[in-house]
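The values are calculated or read from the model by the stated rules, or taken from the named source; none is laboratory data. Please read these numbers as outputs of a predicted model, since none were measured by experiment. Counting neighbours? That spans all protein chains shown, and the Cβs are built from the backbone with ideal geometry, glycine included. Side chains are part of the model used for accessible areas, which takes the heavy atoms of the whole protein and leaves out ligands, DNA and RNA. Shrake-Rupley method; radii C 1.70, N 1.55, O 1.52, S 1.80 Å.
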Amino acid sequence: MPNLVNNLIANEYDGLLAKAEGVIVISLGRVTVKELEPLRNKLAKEGARVRMVRTSLLRRAMAEKGYEASPEMRAGNTGIVYGSLEATIAAAKLLTSAEVKKPGKITLRGAIFDGGLLGPKDALALADLPDKQTLRSQLVGCIVGPLRGLVTTLNALPSGTARVRQAKVDKGGE
């Protein structure tokens, strides 16, 4: 009977890994349900879900997808935060925020992001990635910057000529 349950849970994890665009593996060793609930709600607002998982079955599901779980990912009580790429980046930002880091109960162990397996340091780097809106504004800034310079340059010629003529008139010239 336990093998049947383990197989069902492993199949569920396989489905989770197949559907999710990004997965962050976190430690949940000393976190209580009361502490996790507000975090769960904040993650849900961002489109991510958090779930406590059985480490051995997660390792098995990851191996079936071609990912080799490092020893850091397999140690202790494990949870996963999963969702779209946007939700995963937002979750990484939330999990590395000061209010979550201060108690020191939740740490990032690794991630699966955009088809690649990331270690703990790379998972922390996900928090530094800009979200879609920031990327769009940066792109618009890159496009508008040279155009603004061109407009300023083109506008400088007639306005400079007008200022020179006005200076001559002010001096008493024509």
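Results, tabulated for the structure shown:
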read-out: Residue check for Ala10: in contact (Cβ under 8 Å) with a residue 24 or more places away in the chain and touching a Phe, Trp or Tyr at 6+ places or on another chain (Cβ under 6 Å); value: no
read-out: Criterion: open to solvent by 20 Å² or more (accessible area, probe 1.4 Å), closer than 17 Å to Leu118 by Cβ, in contact with a Pro (Cβ under 8 Å, 6 or more places away or on another chain) and not basic (Lys, Arg) - qualifying residue of Glu72, Glu86, Glu35, Glu21; value: Glu72
read-out: Filter result for Asp122 (acidic (Asp, Glu) and open to solvent by less than 70 Å² (accessible area, probe 1.4 Å)); value: no
read-out: Identity of the residue in the range 98-111, surrounded by 12 or more Cβ atoms within 10 Å (Cβ to Cβ) and either among the hydrophobic types (A, V, I, L, M, F, W, C) or under 16 Å from the mean Cα position of the chain (by Cα) (or both), that ends up modelled with the lowest pLDDT; value: Val100
read-out: Residue under evaluation Leu95, criteria (1) open to solvent by 80 Å² or more (accessible area, probe 1.4 Å); (2) in contact (Cβ under 8 Å) with a residue 12 or more places away in the chain, criterion not met; value: (1)
read-out: Qualifying positions in the range 113-133 - assigned to a helix (DSSP H, G or I) and among the small types (Gly, Ala, Ser); value: Ala123, Ala125, Ala127
read-out: Count of residues meeting criterion [free of Cβ contacts under 8 Å to residues at least 40 places away in the same chain and assigned to a helix (DSSP H, G or I)] in the range 48-87; value: 6
read-out: Looking only at the range 125-147, and only at residues there that are small (Gly, Ala, Ser) and under 11 Å from the mean Cα position of the chain (by Cα), the one that is least open to solvent (accessible area, probe 1.4 Å); value: Ala127
read-out: Meets criteria (over 17 Å from the mean Cα position of the chain (by Cα) and open to solvent by less than 50 Å² (accessible area, probe 1.4 Å)) for Leu58; value: yes
